[in-house]
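Worksheet for the structure shown next.
The values are calculated or read from the model by the stated rules, or taken from the named source; none is laboratory data. The model shown is predicted, which means the values in this text are computed figures rather than measured ones. So basically every Cβ, Gly included, is an ideal-geometry build from the backbone, and we count neighbours across all protein chains shown.
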Ligand code: GRF
């Protein structure tokens, strides 16, 4: 019975570049009965990404794609994803910008997590920018990926209070803890909106 549920889960690839703590939280979530997704591939543009070790630990296929010739690399990546019947992509600290062409091929099936309350602070160095502007709150956002950086439809957000002596390091830590809870929630929300069929083809 459990195997049957596992079989029905939407096959998902997680794209990473670094430590992969969000990847780990997604893997753990994917193994719960409630999860609509299974993590079947880990893709990285960085062969030294620490997060790749989770592939070993949890026996998930890993592939490195060096993004030097982007269009060409993406063609190969698309081929690999199709070959592995991947129907959903979760970006989790992936430091490459995917081309319009790639995004079109997985339209509405790519999610990203960003460490700010979008639409504020798109791009890099979010925590320092929030502190520089004396924000009282920051947080994290999970959104659909469209052709504009960090601008796709927002799925869910979590607010985090900025303390008096906050530094960019302490804020990043606080927000990351929330990210680990928010990404699984976002996935549940996406699927509860009856979009499940959209991930089938
Ligand atoms: C997270 O803060 C994520 O929001 C951002 O990059 C960081 C990745 O952390 N896009 P990790 O690799 O998941 O630990």
Problem set entry | Count of the stretch 11-22 residues which are farther than 14 Å from residue 53 by Cβ and surrounded by 23 or more Cβ atoms within 10 Å (Cβ to Cβ) | 4
For this session: Return the only residue of 178, 157 being within 28 Å of residue 86 (Cα to Cα) and part of a strand (DSSP E or B).
Result: 157
Exercise. Which residue, of 134, 84, 68, 125, is surrounded by fewer than 17 Cβ atoms within 10 Å (Cβ to Cβ), in contact (Cβ under 8 Å) with a residue 60 or more places away in the chain and out of contact with any helix residue (DSSP H, G or I) (no Cβ under 7 Å at 6 or more places or on another chain)?
Worked result: 84
Problem set entry | Count of residues meeting criterion [assigned to a loop (DSSP other than H, G, I, E, B) and near the ligand (Cβ under 10 Å from one of its atoms)] in the stretch 3-53 | 7
For this session: Name the residue, out of 98, 81, that is at pLDDT 95 or above and within 16 Å of the ligand (Cβ to nearest atom).
Result: 98
Problem set entry | Residue satisfying condition, being under 14 Å from residue 115 (Cβ atoms) and at pLDDT 95 or above, within set 158, 185 | 158
Exercise. Are any residues in the stretch 88-122 crowded, with 20+ Cβ neighbours inside 10 Å and part of a loop (DSSP other than H, G, I, E, B), and if so, which ones?
Worked result: 92, 93, 94, 98, 109, 115, 116, 117, 118, 121
Exercise. Since residue 103 meets every condition but one in (1) in contact (Cβ under 8 Å) with a residue 40 or more places away in the chain; (2) within 22 Å of residue 45 (Cα to Cα); (3) within 16 Å of the ligand (Cβ to nearest atom), which condition does it not meet?
Worked result: (3)
Seminar exercise, completed: Counted residues in the stretch 54-65 being outside any helix (DSSP H, G or I), surrounded by fewer than 16 Cβ atoms within 10 Å (Cβ to Cβ) and on the phi < 0 side of the Ramachandran plot come to 2
For this session: Can you confirm whether the stretch 149-166 contains a residue that is surrounded by fewer than 16 Cβ atoms within 10 Å (Cβ to Cβ), under 25 Å from residue 48 (Cβ atoms), touching a residue at least 12 places away in the same chain (Cβ under 8 Å) and more than 16 Å from the ligand (Cβ to nearest atom)?
Result: no
